[in-house]
Amino acid sequence: MTDIPSKYEPASAERKWYSYWMEKGFFRSTPDGRKPYTIVIPPPNVTGVLHMGHMLNNTTQDVLVRRARMQGFNTCWVPGTDHASIATEAKVVAKLRSEGIEKKSLSREQFLEHAWEWTNKHGGIILEQLKKLGASCDWDRTLFTMDDKRYTSVIKVFVDLYNKGLIYRGVRMVNWDPQALTAVSDEEVVYTEEKSKLYYVRYKIAGEEDYVMVATTRPETILGDTAVCANPTDERYLHMRGKSVIVPMTGREVPFIFDEYVDKEFGTGCLKITPAHDINDYEIGLKYNLESIDIFNDNGTISEVAGMFAGVDRFEARKLAEEELNRTGALVRVEDYINKIGRSERTHAVIEPKLSLQWFLSMKEISKPALESVMNDTVRLFPDKYKNVYRHWMENVHDWCISRQLWWGHRIPAWYYNNNEFVVAATAEEALALARKASGRRNLTAADLRQDEDVLDTWFSSWLWPITCFNGINDPDNEDMRYYYPSNVLVTAPEILFFWVARMIIAGYEYRGQEPFRDVYLTGLVRDKQKRKMSKSLGNSPDPIGMMDKYGADGVRVGMLLCSPAGNDLLYDDSLPEQGRNFANKIWNAFRLVMSMDTDETIEQPAASAAAVTWMQYTINKALADIEDSFVRYRISDALMQSYKLFWDDFSGWFLEIIKPAFGKPVDITTHRETLAIFETLMKIIHPFMPFITEEIWQKLAERPAGSSIMVETMPLPAPYEAGMLARFETAREIVSAIRTIRKEKNIPLREQIVLCAAPGATGTEFDPVIIRMSNLAEIRVVEGKVEGAASFRIHTAEFFVPVSHGIDHEEERKKLEEELAYTEGFLASVLKKLSNEKFVANAPEKVISMERKKEADARAKIATLREGLDHLAKK
């Protein structure tokens, strides 16, 4: 005990053992004869630092990887970071601005030098933080989505898909960020409810003195209206068929049309159509061949085309439009209104739906195998409730806008010549050869070509991640691809099920002809107690590094997993990591207790200890089967709780109490050896969840060979157990608990020995010595009938008596029996109601029906015993 501190010190153990694991190469993986277990990390943004979502996601991955490693798999957890085009460019632009440098004053090459410098300086921070959490990634394989191999892969895929006719260039409606001056993906738009106004505006009917009224939240976009629309079933507007209206402020005459898209209940039931600035209006514009008038410049100011307010910011133009509409009498009224506003995730600017010349990937045909693979469970989603969400997205998939108006990222490999004619090629040399061939001009030079200024959407590199992690685009038949691909499971969040997960599955079938992973485990979001999403702006997101300093990495890992069932949100509270830290302390104190026991080889093993050892071994075997079942179903929170209860309740709460010698006395050597073996087994079970403390204890439990570690030990396998024995122990546990209750109620000191009286057959098992030891009994006496002057209790149908010297309060005893009888009768009624339900009986498994019938029989027997007891008391 001299080298075992009285308190567990997480910080020193974490530093010591992580360095040891790294030094010994335990995380490293190369193909061999074992079965692989592969996870590719969802690459965090290179701009990022660890947040609560990362903590949950990566703890989950590490638990899976550590468990698989102990099960004998060749585990390969590939780490890496994402270049995060928009986020990184914004960080670099902000840094330059703080130094008095504007992006527009730099050439592309100069800007990229700054971007690479920033990335090299900050890009590894989050990966180092993951090491503090205990992440057992193969760090030798660390990747970056813009390193040479990944960059080449992305460009090669773009060229391939273009040559297949799946990538095209065209004008379409996109999410435009006027601050970042780029299109952004749907995933990068955050919708929030905000206070707004609803403007009711009159549109004069052409050739008449009458009007129709339209409600809009954006009066400035009236300048781009090219139609007014109503639902064809709306009787209020049937008289408008074939007519036109005059757009206020512009005097432009536009058609009045009808389409079922219009909601009759919203506003006035009349909808203004602005095809250039609303995605739904755009679709209607295409359907009815309407003119599209783009009234906005890229920076969100009003364009010359609008005819008025040119150069004015769009929000200032809204005020001016209100004034103008009011001046001309077109504005009827303004109401307060709450509506959802889409903002850029990175800049927080209000997103502008905008027609823009962009590059697109045609998604309809390429998506079909990915839809089918999830529907037929080739790729399994956990929880499977997300299958319907996935199907809805995939059946309604739109073409993917893959271009971004940025400099940081994979530059689009298109080269322009001869007035915007272009070729697509992986290199400038290949592009020149193609351009010469396409133009017929052999004298074209590299100086005549101009590469596209845009870069690819970040997701266009991320969707290839499971393949490019093993260089499967550049070298499709390499050893790593053959061995590690497809990976076993992807751990990610439901909100990127379509934007990332679905696209990876699409890429897997397009470039490998198979799924990229077999299972997808979807964690929930980490929220605060008020169910708000964790965010810096709300100030409700704790610092993960500070948490680990306070509670230890193991404590934080346990806290994150205790309340995080698959697909459901985790409501974070500081009590969760505190509970994890307390569990670590419980383990440490139990370890100290076991190691502090003096042993005596001359003592024979007590019957109670022998029974306890067998029970604990069977309990572990049952728990291993339960834990395995939880892992198979990705119920990782359940697996942790099963492990937690196995140690806290069964081992610490009962086993150690049974085998613990009296104060100052030694324990027999057999029990001590078996206890150490049980402790070691428990450490292996808990290790995936709490790697640091389990390593610390495992190394101290026995002499270990140099270079050994618990993390490469074999995970105990589920083994047979005797269910009857476990049931008999449960009965013994209930008897002990009932005796303790009587001691408390009757103020009988624990040191005072008492007698337990029981009917024939009620005891007499291998656990009688446990009952005697744990209850401090003088004996267990077999009796016939009632025992006068005794407190009584019932376990199942058996009645037990504890004689007490100062008599029994018969009225109190009667009241207790009546309460128990009322409860049991109510329980019986609920069981009978279930069994009388023909539908339940016809459809429930036979095992369930048998269990309900057993509940009925037990309840009836207990009711008979309780009534007998009441009759006996009535005669007093």
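The values are calculated or read from the model by the stated rules, or taken from the named source; none is laboratory data. These figures come from a predicted structure and were not determined experimentally. In this analysis, Cβ positions are derived from the backbone assuming ideal geometry, glycine residues included, and neighbour counts consider all displayed protein chains. Heads up: the accessible areas ignore ligands, DNA and RNA and are worked out on the full protein's heavy atoms, side chains in. Shrake-Rupley method; radii C 1.70, N 1.55, O 1.52, S 1.80 Å.
A few remarks follow.
- Seen from residue 277, the other residues with C-beta closer than 11 Å to its C-beta sum to a net charge of -2, counting Lys and Arg as +1 and Asp and Glu as -1.
- At R0 = 51 Å, FRET efficiency that the Cβ-Cβ distance of residue 722 and residue 122 yields, to 0.05: 0.30
- Extension gain, residue 253 to residue 840, is 204.6 nm, computed as 0.36 nm per intervening residue step minus the present C-alpha separation.
- Length available on full extension from residue 392 to residue 337: 0.36 nm per residue minus the Cα-Cα distance, which gives 16.8 nm.
- ³J(HN,Hα), Karplus 6.51/-1.76/1.60, whole Hz, each residue of the range 89-95, x for Gly, Pro: 4, 5, 5, 5, 4, 5, 5
- Residue 236 versus residue 328: modelled label distance in nm, points set 7 Å from Cα along the beta carbon direction: 2.2
- Across the range 245-309, the relative contact order, built from alpha-carbon pairs under 8 Å that are at least six residues apart, equals 17 percent.
- With θ taken as phi - 60° and the Karplus curve 6.51 cos²θ - 1.76 cosθ + 1.60 applied, the whole-hertz 3J(HN,Hα) list for the range 22-31 is 5, 4, 7, x, 5, 8, 6, 9, 9, x Hz, x standing for glycine and proline.
- Dimensionless Rg/Rh of the range 536-691 - Kirkwood Rh, Rg from C-alpha atoms: 1.06
- Most positive-pole-ward Cα, 469, 371, 217, against dipole of the chain from beta carbon charges: 469
- Dipole magnitude (debye, nearest 20) for the chain, charges at Cβ of Lys, Arg, Asp, Glu: 420
- Projecting the Cα atoms of 750, 707, 760 onto the dipole axis of the range 696-823, where Lys and Arg carry +1 and Asp and Glu carry -1 at the beta carbon, places 707 farthest toward the positive end.
- In terms of accessible area, using a 1.4 Å probe and ignoring ligands and nucleic acids, 518, 557, 794 rank largest first as 518, 794, 557.
- Against the criterion of solvent-accessible heavy-atom surface with a 1.4 angstrom probe, 442, 527 sort, most first, into 442, 527.
- The C-alpha radius of gyration of the range 623-685, expressed as a fraction of 2.2 N^0.38 Å, stands at 1.35.
- Per residue convex hull volume, Cα atoms of the range 34-80, in Å³: 53
- Check: the range 432-488 dipole with +1 on Lys, Arg Cβ and -1 on Asp, Glu Cβ, in debye: 520
- Net length available on complete extension from residue 169 to residue 97 is 22.6 nm, with 0.36 nm assigned per residue and the Cα-Cα distance removed.
- Residues 354, 665, sorted by accessible area with the largest first, give 665, 354 [1.4 Å probe; ligands and nucleic acids excluded].
- When the charge dipole of the range 1-74 is built from unit charges on Cβ atoms (+1 for Lys and Arg, -1 for Asp and Glu) and taken about the Cα centre, the candidate among 68, 13, 26 whose Cα reaches farthest toward its positive end is 68.
- For the residue pairs 287/387; 272/387; 95/529; 91/529; 816/862, the alpha carbons lie more than 25 Å apart in 287/387; 272/387; 95/529; 91/529.
- Residue 600 contributes an accessible area of around 50 Å² to the protein surface, as traced by a 1.4 Å probe with all chains present.
- The charge dipole of the range 112-205, taken about the Cα centre with unit charges on the Cβ atoms of Lys, Arg (+1) and Asp, Glu (-1), comes to about 560 debye, rounded to the nearest 20.
- Against the chain, whose longest principal axis comes from its Cα atoms, helix 52-70 is set at around 60 degrees.
- Taking all protein chains together and rolling a 1.4 Å probe, residue 796 ends up with roughly 100 Å² accessible.
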